[in-house]
Every structure is written in structure tokens, then in C-alpha cells.
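See structure below.
Please treat every number below as a calculation from the coordinates, not as lab data. Given the structure is predicted, the values throughout are model-derived calculations rather than measurements. Every residue, glycine as well, gets a Cβ built from its backbone with ideal geometry; the counts of neighbours run over all protein chains shown.
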Amino acid sequence: MCLRSSSYTSPKPCKHLADYKLRHAFNGYDSLQNCLKTTPIGRTRVDNHNTKIPRCNFCNGYQGRLYICLMCSSISCSTHILLHTQSKSGHEVAIDIERSELYCCLCCDQVYDPDFDKVVVSEQIKGSCPGRSNKRRRLDSGMELDLKKSKQLIAMRDGRAKSCYPLGLRGLNNLGNTCFMNSVLQALLHAPPLRNYFLSDHHNRDECKRRYGEKLCLLCEIGALVSAMFSGDRSPYSPAQFLYSWWQHSSNLASYEEQDAHEFFISVLDGIHEKESKVRNSSKDDGDCQCIAHRAFSGSLRSDVTCTICGFTSTTYDPCVDISLNLDTVNSSAAEKTGLSTLSGCLNLFTRAERLGSDSKLHCQNCQELRETSKQLSISRLPLVLCLHIKRFEHSLIRKTSRKIDQYLQFPFALDMTPYLSSSIVRSRFGNRIFAFECENTDSSAEYEIFAVIAHSGMLESGHYVTYLHVNNQWYKCDDAWICEVDEGIVRASQCYMLFYVQKLLYYKANKDLSCNASVESR
């Protein structure tokens, strides 16, 4: 791995945190260690010994985000944390009790500090690693958890974790409201075609740097990220350099504000396509593009627009890298009765013929007049990796409001996409008189296995993204820097936002190859 500029190792800390460390050094961090407790799911949170249930000192509330002041240990909710800061000078820095993350009350944002992360990770190692003997537990309880010994503890954790988690599972540090990025990266880096492409060094970073001399290349940074994730190191990794590279590609999204995970996913694939097209000097459109983003994720949608008067049908094909689905809450009687939607219901809604209104008349080539029409979508070509985006964020232009849809979605782990192919849709409409279907690759498999789920919890303005990964027949929850095993019931009950499936044959082959690589590494 090539050497990198030290200026890109981590985001610049806020001035209030820098002032705090200048005045108080690590005194607050050291005193905090006695309050850090690791929960059964592997997350490290802050426990105040004075009270079993933390409450806001202003409103006595105990729900929502709670913060503990790093100076006086006063607890405030998200509504009153700024009031506490304004009432006491020098109390700008607090800690999110539930997530053990630094928060600047004046910047109103999470802040990242590697020294603080070392303290939290050290405590997490002490309390959460499975399979430890009582003797080891007694030895650790007598150790002084300070910053000087954090590297030693992380090294100890690495040796144990290799027998606990499969290769490639590694937490990603939150760099300040970047859970949207971490969740998508976990899914992308475990997509077999994308993972294998970079592990096989198909994008040579040294050659790319010599040829183009770019300061930061998005593909180079993805390659470095894949190498770091599959290096065998289990300590949380900070994807700061990738973040800067993505900012250069998507300057309109360059900020520490929370972004939409789906928008980030599309932006990353677009950045890969743009870079690889430049390398290949390719002028092909997305449908024929041979970049790894489109080879892995690109499929094709068929759109049939039919005149309701003469029956003439106009057909067009459009490439796509994902399919956005509405939750089937209005049109499904089952959803109305049970309060849940099903993925099959969403796909049926997506491929159902829709009659366009009289205000949306289109010109019919046969009638040579404006006519009312019906439109039906279907999938003409399936991708290797199928990404299904669930529309949970609803925006009303009339009411000028936005809201999140918390509807539960029932989704299968094994998915057969045959009913939604153009061949199935058209034959169900016209019978077996039509046999030829342009752009349809009949030799590809329509059977898929799930390998990643991105879930969103919380509200529209203050939500959080996590990723569930299915590796070696076990589900793992990737919550920023924290990785832990979960039961499949937890995954099914999540508010899924993006579902990632891979063709079944490729799924089993990829898992077999990864298992072989892991066994070779352990020798």
C-alpha cells in the first residue's frame, strides 16, 4: 500500500475541541473510562454511576439523544444541550451517551478525535470480545486503560478476532455524520464482483498515479479501502481519505451534514463509471459500459406505453443500477389489515400497468393524435448484483413537507425475479404469441441471495444508518465502528432502506472463494 499524505489521515477537528484539549489535555478522557460500559451487542456507551436511568438536568426527560458534559458530567437532552453550554463557559464538548461519540454543542455536530476513539475502542475490547478466559478477564480488569496502552489492547484484540469474525469484517469510524457513507461502503465492499475486482488489483493504483498524476482518485481510494478491510486488521478503520476523494467528485455534497445513503450509492457508482471511462477512453453509454460499476450493478428496464384507443405499443429500454420501489401500503389490502408491506407486493406494484391521466396524453404513432395511454415497466435485463431501494422518505411539494414512512417491509432472503422479467410480464399480457424479447439475456439467472441490508432508524432529520451483512451463513451488524453478530430476526425486523441481492450461483462461488482465502491466511 502506498504512503499517503499525513494531511489526509483524519478530518480537521473543530476549534472548540482543540481548545479543550489544549486546556485540559486528556484529563476528561481518562475520567470517562470509569463510565464506559460495553453492552451485550458490542456497543460502548456511557453509564453514569449516580443514576440507573440517565435524565436531562433541565427537563428530567430520559428519551431521545442524551449528552454528558465532558467538563462537569451534567446530562442534557438534544433540546437543552445548547442551553447548558451557554450557561457555563468552556463546556462546549459533550459525549453522546448511547453511542460514545464526541459532540460539539456550538458546532451542533459530531466531531472526530483519534485520541478519544482509542479510549473507547480500548474499553470495547476489554468488555466485548467473546471466548475470553476468567484468567484473562482478571488480568484485564487490573490494567490501567490509558492512551499509552491502547495500541497494545488493539493488537490483543486482533489475535482473538481472527477466530471470531470472517475476513473482511471491520468497523468504520464515524467522521462526523458519515453513517450514510459507512453503511453503503460496507455493502459495496462485500458485493462479490466489486470486492473481487479490487482484491485482484484490476485497478492498479501505482500505474494510475503515474499515468494521470491525480491528487486523489476515487477508484484508488476504493482499492485502498478494500485492501484495508481485508488486511486482517480488526481495529476500526477511518475512511477519511476516501471521503475527501468523494468530496472532490461530488463537490455539491461536500459537508459534514447527514446525507442520503441512496444518493451516496448512486454518486459512488457514477464516480467509478466516470473514472474508468476515462481510463478506457470509452464513449459507450451506461447500457454497454464495461466499467466495474455497471458490470456489477447495471440492468435494463423496459417501458411499454400503450394507446388505450388503438392498442399501439411504444417500447423503450433504459439502463439502471438500482430499482426504487414504493411501499405497497395504499393498494394492498394485506398491508392495510396487517400494517406491513411485502417485497413481492412492492415489485408487483412496480411492474403493474398504470393508466396515465387525461392531462398526460401522449402522441400515438398509429393514431397520429394525442391519446390517453397506459404505461407498464418490467425488467428486461437483470444485473449480477441487484440493489432495491425502498422509498421511505416522502416529500410533498403542495404541502411543502417531508416525512419518513416507518412501514414495516417483509422481504425474503432468497428472491426469484422471474415474475418481474419482461418475458413474464409481456407473455402474461399477450400470451405465448410473442417469443423474442430485445435486450433480454435469457442465460442469466433470476434467482438471487441476499448479502446486505441497509436500515434506517429514527426520524427524517435525525436518523441513523446501519448495515447488516450475511457472511458465512451468519448475520453481522455493522454500526459504524462496531461489529457484532445478530440473529436473522433482528435483520427481518429492521426498517430496511436498501436491499442488496447477488445472483445465487455467484453468491455461493464468492463465499467459497472467500472461505479458501481466509483459510490460507490463517495458516
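Table for the structure above
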| read-out | value |
| --- | --- |
| Cross-link pairs Lys15/Lys88; Lys15/Lys404; Lys375/Lys504 - those with Cα-Cα distance over 28 Å | Lys15/Lys404; Lys375/Lys504 |
| Paramagnetic reach from Lys361 in the range 292-310 [backbone N under 20 Å; point 7 Å along Cα→Cβ] | 305-310 |
| Potential lengthening between Asn204 and Lys15 on full extension [0.36 nm per residue; Cα-Cα distance subtracted] | 64.2 nm |
| Pairwise FRET efficiency - Phe26 versus Leu106, Cβ, R0 = 30 Å, nearest 0.05 | 0.90 |
| Equivalent ellipsoid semi-axes, the range 54-95, via Cα gyration tensor eigenvalues times 5, rooted, Å | 16, 10, 8 |
| Directionally averaged shadow of the range 184-276, computed from the convex hull of its alpha-carbon atoms, nm² | 6.3 |
